[in-house]
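Please read the structure below before turning to the comments.
The values are calculated or read from the model by the stated rules, or taken from the named source; none is laboratory data. Predicted model only: the values in this text are computed from it and were never measured. Neighbour counts are summed over all protein chains in view; Cβ atoms, including those assigned to glycine, are modelled from backbone coordinates with ideal geometry.
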Amino acid sequence: MPIPDPSDVRKQTGPFEKAFNEHQKNDKIDRKKIQKWKDAMREVGNLSGEHLLKRQRSEAKCIKDIVEVISNKLTTLNDFGREQSLLRD
């Protein structure tokens, strides 16, 4: 599954534009709901993050790095100064 370009998400261009246009042609889909999705996609596209370029590094390495950062954030020190995971086993 390809990683979308953040500018396509933010500006609703490319495949996002096509999908929204198809939905807007369907009278059974509430226009307010479509607008909420567009607003949400714009907001997500504006989140800062790391944009993985195809030649930059492998997707697997990127995912591993993200998991490591999240894991570190979910590990805290308990009252006795020992690390404790916030994840359930």
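Quick look at the numbers
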item: Region 26-40 residues that are in contact (Cβ under 8 Å) with a residue 24 or more places away in the chain, paired with ones that are in a helix (DSSP H, G or I) and surrounded by 10 or more Cβ atoms within 10 Å (Cβ to Cβ) (beta carbon under 7 Å, 6 or more apart); result: Lys38/Phe20
item: Members of region 14-28 that are in a loop (DSSP other than H, G, I, E, B) and either surrounded by 13 or more Cβ atoms within 10 Å (Cβ to Cβ) or not assigned by TED's automatic domain parsing to the domain that holds Val44 (or both); result: Gly14
item: Boolean, Val44 is of a type in the set (A, V, I, L, M, F, W, C), surrounded by 12 or more Cβ atoms within 10 Å (Cβ to Cβ), touching a Gly at 6+ places or on another chain (Cβ under 6 Å) and at pLDDT 75 or above; result: no
